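A short worksheet on the structure shown next.
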Amino acid sequence: MSVTLCIALLVFLTGSLYAQSAGSSSYVYYARLDYVLSTRFATSILIGENQVSEITAPPPPPGYDLYYIKVTFPGGMPDSIVPVKYDKAEFIDNKVFSLMAYTDTVKLASKGTNAAVNFDITVYYVRSTWLRLTEGTVKFLIEEPPPPFTKNDLTVKLSIDNHAPFAISGLKGPNEENLLNLEPNPDAIRVDYKHVELNFAYLELGEYSVILKEGEDYVLPPSYIAIEPPFKEDTIQPGSAKRYGLGQVKGWRGIGSIVIIHTIAPLSGRGGGDVEVLGELVDFAYYKNEVVTIKAASFLIPNINLKIYIKAYIVFGAWFEIKNNMKNSVNVMYTNVFIKETGNWLPTGVEMIVRDSDIKDAMAAYLVVQAPSYGKITGIKTPSGAEIGAVEEGLLPWGSEYRDVRVFLNEAYIQVKAFGNVEVGSYFFRIDWKPITFRLVDEGGSPIMGATVTISGPVNASTLSDEKGLASFRLYKPGPYSVNVSFKGVSVAELRLGSIVSELIDVKCSVYRVSWVITDFWDKSLEGAEIVVKNGETLIARAFSNNGGTTEVLQIPGGEFSVQVSYKRVSKTSVEQINNNGVRKYRMDILFEIPLFGGIPLTTLETAAIGTAIGGGTAGLAFSKRKRMSTIEEVALEE
């Protein structure tokens with residue numbers, strides 16, 4: 001009983017979205033919401049000699065993906081069967097009880113003879129979404145799943161990253177009722193500070209509200225060692241109540257308590273009532289209330305009827321209170337759970353050290369790792385060199401005790417002490433990290449090549465975007481990250497990623513697609529004009545006009561820049577604000593060109609000076625034409 005509940009606590013502890021303006025100072029956190037559908041059926045097959053049989057999952061319903069397939073053998077897998085293809089095998093006392101695969105197929109073979117095998121197949125499908133977290137509540141609607149599934153096949157799980165400064169403090173149902181006070185079936189609701197799991201075989205459809213608290217006190221480490229001192233016992237008299245404190249252990253953080261209430265007594269009609277457990281966050285974990293009859297060989301000794309009553313809770317927080325509303329006294333067993341952060345996160349996983357001084361006073365101790373959703377734990381190496389969790393998990397024989405090991409996607413734990421059995425030293429949890437890729441696009445949606453993407457946080461790194469605008473990182477340390485994108489030395493985008501909800505993140509940057517049309521005084525296009533855009537002394541862009549007077553389209557970061565336009569011997573510099581896409585017209589002060597040496601452009605001032613020297617004819621003509629074109633010129637300048 002105690003081992004099961006201890007592990008339950010550890011399991012529960014383990015278990016465009018980026019629409020924010022550039023320069024946002026706060027991190028944005030999300031909860032992942034998984035809708036999981038399952039179907040289970042029993043079957044049997046006959047595997048011939050030297051044959052391999054495939055067990056394949058049916059295709060997923062619309063909107064869902066295959067989560068995993070599980071093949072369970074009642075009583076254990078027969079010795080005549082060899083598993084050929086699978087990802088995980090669950091052991092109990094050195095015997096395989098189930099095989100699991102994240103793909104759609106499990107393969108079995110026989111050991112040289114015909115073999116009949118009975119098993120149950122459970123197939124899980126998943127649909128995931130993300131909910132932005134704010135202090136107060138986060139709500140989600142549960143509707144009837146697609147046929148042939150019903151609500152009885154649906155489980156919904158909400159998960160918050162450990163590093164997010166949010167904690168779950170309550171849960172309301174469709175009628176605004178506080179579900180954690182109602183104590184439905186223990187399988188209906190499972191809850192801890194970072195997870196809620198709802199089984200709709202016991203719950204109604206509708207809108208659910210998860211109550212949240214926000215603050216740095218609610219940040220939990222992604223890797224830690226958990227210890228449980230020996231159980232304490234007490235008795236609570238009928239009609240009375242007792243409050244218990246978590247206590248303190250120097251260097252450790254108290255996370256909660258495991259509370260077991262039990263009685264066993266001769267059956268009596270004077271019984272009745274129930275027991276209530278209060279606390280900061282209470283998870284009703286187990287319940288049994290039944291009559292057991294002990295029979296003799298004959299009526300020489302009449303039957304003995306006993307009433308067995310057991311309730312178990314996982315209570316999070318610094319205290320819990322037990323109210324005995326029964327007509328008889330009840331017995332209480334409880335232990336506290338303390339955690340301490342440990343672990344060196346590396347690109348290939350996390351190394352965790354267990355020292356005897358950490359666990360010498362504990363009844364049980366575990367190492368726990370909860371990676372972000374983009375990291376998959378693939379196995380655990382123990383100090384003795386044993387590989388555990390890669391393909392084997394469950395209750396494994398360990399000297400005179402059992403060692404509990406669980407690995408599922410991005411979460412894992414391994415027991416490092418069970419009563420007198422201890423293994424201290426260095427453990428390594430191998431993790432396969434999916435790269436997180438940023439796709440940079442300008443205001444027109446085109447990729448940006450050559451931008452510098454800088455990641456700051458638990459991992460600091462920088463790289464350049466490729467021709468597709470992609471820049472990838474392996475963010476192997478959990479935590480919030482800041483992202484800065486600079487293009488040609490100018491900051492064009494910033495993100496604050498509290499939660500990473502996708503392996504591909506689109507980043508729209510303040511980069512604009514700009515070209516210039518260069519003309520002379522008479523709006524005649526100029527071929528070969530050079531345009532240079534600078535930010536101080538830093539070159540932003542350079543281009544030349546074609547025979548239509550138009551430059552190529554340039555990607556230019558947003559901001560204020562000096563723009564110099566040169567045509568042969570004439571040059572002019574101005575300051576321009578770049579804040580939108582489009583074609584910009586630039587009229588040069590060139591009145592005409594003298595057709596010598598490839599053309600010598602003359603400005604209006606130079607032409608006027610020449611005209612004065614020869615009698616003013618040319619100047620008069622020029623200004624006469626300018627007067628007639630003044631309206632057109634103003635429109636062009638306005639453009």
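The values are calculated or read from the model by the stated rules, or taken from the named source; none is laboratory data. Given the structure is predicted, the values throughout are model-derived calculations rather than measurements. Cβ atoms come from the backbone with ideal geometry, glycine included; neighbour counts cover every protein chain shown. Please note that ligands, DNA and RNA were not included when accessible areas were found on the heavy atoms of the full protein model with its side chains. Shrake-Rupley method; radii C 1.70, N 1.55, O 1.52, S 1.80 Å.
General observations
- Condition check for VAL123: at pLDDT 95 or above and among the hydrophobic types (A, V, I, L, M, F, W, C): yes
- Among the residues of the stretch 68-77, those that are open to solvent by less than 20 Å² (accessible area, probe 1.4 Å) and under 13 Å from THR122 (Cβ atoms) comprise ILE69, VAL71, PHE73.
- The set of residues from the stretch 423-464 being part of a strand (DSSP E or B) and farther than 23 Å from ARG496 by Cα comprises GLY425, SER426, TYR427, PHE428, PHE429, ARG430, ILE431, ASP432.
- Count of the stretch 512-525 residues, restricted to those that are within 12 Å of VAL565 (Cβ to Cβ) and open to solvent by 10 Å² or more (accessible area, probe 1.4 Å), is 2.
Condition check ((1) open to solvent by less than 30 Å² (accessible area, probe 1.4 Å); (2) in a loop (DSSP other than H, G, I, E, B); (3) among the hydroxyl-bearing types (Ser, Thr, Tyr)) across all residues:
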{"site": "LEU33", "(1), (2), (3)": "yes, no, no"}
{"site": "ALA42", "(1), (2), (3)": "no, no, no"}
{"site": "LEU66", "(1), (2), (3)": "no, no, no"}
{"site": "ASP79", "(1), (2), (3)": "no, yes, no"}
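- Scanning the stretch 380-407 for residues that are open to solvent by 30 Å² or more (accessible area, probe 1.4 Å), closer than 18 Å to PHE428 by Cβ and part of a strand (DSSP E or B) gives LYS381, GLU387, GLU392, ARG406.
- Restricting attention to the stretch 40-61 and to residues that are out of contact with any Lys or Arg (no Cβ under 6 Å at 6 or more places or on another chain) and of a type in the set (A, V, I, L, M), the residue that is farthest from LYS111 (Cα to Cα) turns out to be ALA57.
- Qualifying residue in the stretch 51-62 (condition: surrounded by 17 or more Cβ atoms within 10 Å (Cβ to Cβ) and over 22 Å from ASN152 (Cβ atoms)): yes
- Just one of the numbered conditions (1) exposed (fewer than 15 other Cβ atoms within 10 Å of the Cβ); (2) of a type outside the set (Val, Ile, Thr); (3) within 60 Å of the chain's Cα centre (by Cα); (4) modelled with pLDDT under 90 is not true of MET588: (1).
- The set of residues from the stretch 247-289 being of a type in the set (A, V, I, L, M, F, W, C), open to solvent by less than 50 Å² (accessible area, probe 1.4 Å) and not in a strand (DSSP E or B) comprises just one member, TRP252.
- Among residues of the stretch 536-549 that are at pLDDT 90 or above, those with a beta-carbon under 9 Å from a residue that is of a type in the set (Lys, Arg) and surrounded by 10 or more Cβ atoms within 10 Å (Cβ to Cβ) at least six positions away or on a different chain give the pairs THR538/LYS488; LEU539/LYS488; ILE540/LYS488; ILE540/LYS534; ALA541/LYS488; ALA541/LYS534; GLY549/LYS524.
- Residue, surrounded by the most Cβ atoms within 10 Å (Cβ to Cβ), within the stretch 290-312, restricted to residues that are more than 30 Å from GLY254 (Cα to Cα) and among the small types (Gly, Ala, Ser): ALA296
- Residue under evaluation PHE91, criteria (1) under 21 Å from the mean Cα position of the chain (by Cα); (2) open to solvent by 10 Å² or more (accessible area, probe 1.4 Å), criterion not met: (1)
- Looking only at the stretch 43-65, and only at residues there that are more than 15 Å from PRO146 (Cα to Cα) and charged (D, E, K, R), the one that is modelled with the lowest pLDDT: GLU49
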